[in-house]
Amino acid sequence: MRTKILAAAAVSTLTLLAASAASATAASAALDIASLDITAINYNSYGADSVDNNTEYVEVKASADVNVAGLLVQDAWAKGRDKTRGCNTARIAPGTLPVAADATPDVLPAGAVLRVHMGKGTPGIDRQGVRHVYRAMPAVCGYKSNVFNNSGPAGNRYADWDRVWVTLGDQVESKGYNFSFGYVAK
């Protein structure tokens, strides 16, 4: 009986140590936007614009371990005009980042890619290790639920047509894009 009690105590201690280590890793992961690069913006779905065909996304890559809980992705319309409905906005809620079984919750490891989709889908990690999260936009939020602007100013095909902001805590990174060169800005 004493052996069983000691074994149970040892398992409990190891579980607590593992949980403490995971918490320490999450706490020590940077909450630093400088560790995230906006690497791609897909601002136009292939095919007809519709609620069911919205493959728009913003992709960020971590250069160091980054705690992305609370990460906010917005376009210019959301940042400038729509302050109340949450349109054209996606936020990574704590505990929703897809992570590998042995990884720390909410932490995007150095070298990893996070793709924040403005459309319907199932969160997960693909074969290339890209983490996918989704924020379906209500139809009231945009043209047939598509988010990013893909029509720019007349006469200047090189000007930014829209801008994407990625906010983490009180730090902000942004990137402008232009539809003249294809569906995905890099």
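Quick one: net charge around ALA62, please, counting Lys, Arg +1 and Asp, Glu -1 for every other residue with C-beta under 13 Å from its C-beta.
Taking every Cβ under 13 Å from that of ALA62, the sum is -3.
Please identify which residues in the range 111-127 have an amide N closer than 15 Å to a label point set 7 Å out from the Cα of THR55, following the Cα→Cβ vector.
Correct set: 116-122.
For GLY70, list long-range residues whose amide hydrogen, built 1.01 Å from N in the peptide plane, is under 5 Å from its own amide hydrogen.
Here the answer is ILE92, ALA93, since their amide H atoms fall under 5 Å of that of GLY70.
Exceeding 18 Å between C-alpha atoms, which entries from my cross-link table qualify? They are LYS79/LYS175; LYS61/LYS120; LYS120/LYS175.
LYS61/LYS120; LYS120/LYS175
Amide H neighbours of TRP161 under 5 Å, at least 5 residues apart or on other chains, H built in the peptide plane: list them.
Distant-sequence amide H within range of TRP161: TYR177, ASN178, PHE179.
Would you tally the net charge around PRO123, using a Cβ to Cβ cut-off of less than 12 Å, leaving PRO123 out, and scoring K and R as +1, D and E as -1?
For residues surrounding PRO123, the net value is +3.
Cα to Cα, under 12 Å, and not fewer than 8 places away if on the same chain: which aspartates and glutamates meet these conditions relative to LYS186?
Straight-distance partners of LYS186: ASP37, GLU59.
Since every read-out is calculated from the coordinates, none of them should be taken as a lab result. For clarity, every value in this text was computed on a predicted model and none was experimentally measured. Methodologically, a virtual Cβ is constructed for each residue, glycine included, from the backbone with ideal geometry; neighbour enumeration extends over all protein chains shown.
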